[in-house]
Amino acid sequence: MPQYTLIIKIPNAGNKQISHTINLTETHEAYPEDYFEIQENKTNLHTTLQTKTARQITQTQLKQIIQQWTSDIKQNLRRTTIPINLPTEPPVPPTTPQPKPPLKPTPEPTTEKRAKNNKFEFDG
C-alpha cells in the first residue's frame with residue numbers, strides 16, 4: 001500500500017514541522033476523500049496533529065488540511081506540506097489531578113474516652 005505523508009509547517013512557532021503518514025488502498029488512493037469520510041480516520045488525524053503540534057486545531061482548519069491533502073493525493077503527490085498558523089495555547093488546558101475520596105471514610109473525631117474498664121466516658 002502506498003504511503004502518503006502530510007507535513008504541517010507552523011510559521012508562528014519558528015517554522016516547526018510535524019509529519020503524519022498514512023497507507024492508502026488503491027481505492028482510497030483514487031478517492032482519498034472517502035478515506036477521511038471514515039470518522040475513525042478523521043478523528044485519528046485530528047488527534048495526532050493536535051498531539052504532535054501541541055496546538056488546538058479547529059474543525060475548520062482540519063477540513064482545510066484534509067481538502068489540500070486529498071487534492072495532492074489525487075495528483076499522486078506522496079508528500080504534502082501545508083503551512084498553517086496555529087494558536088499557541090495547548091489543545092487541552094492542563095488539569096490538576098483531583099484526589100479521590102477514600103473508600104473507607106475516616107471516622108469523625110469524637111470527645112469519647114475509653115476508660116480502663118472498657119466503658120465510655122464523654123466530656124462535656
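Go through A30, A54, T43 and say which Cα lies farthest out towards the positive end of the charge dipole of region 14-88; charges sit on Cβ, +1 for Lys and Arg, -1 for Asp and Glu.
Looking along the dipole axis, the top candidate is A54.
For I38, I82, I57, what ranking results if the residue with the fewest other Cβ atoms within 10 Å of its Cβ goes first?
By the 10 Å Cβ count, ascending, the order reads I38, I82, I57.
Taking a 28 Å limit on the Cα-Cα distance, which of the listed pairs K52/K74; K63/K100; K52/K100; K16/K100 fall beyond it?
Violating the 28 Å limit, Cα to Cα: K63/K100; K52/K100; K16/K100.
No value in this document is a laboratory result; all are computed from the given coordinates. Note that the coordinates shown come from a computational prediction; the quantities given were computed from them, not determined experimentally. A quick note on method: Cβ atoms are made from the backbone with ideal geometry, for glycine too, and the neighbour counts reach across all protein chains shown.
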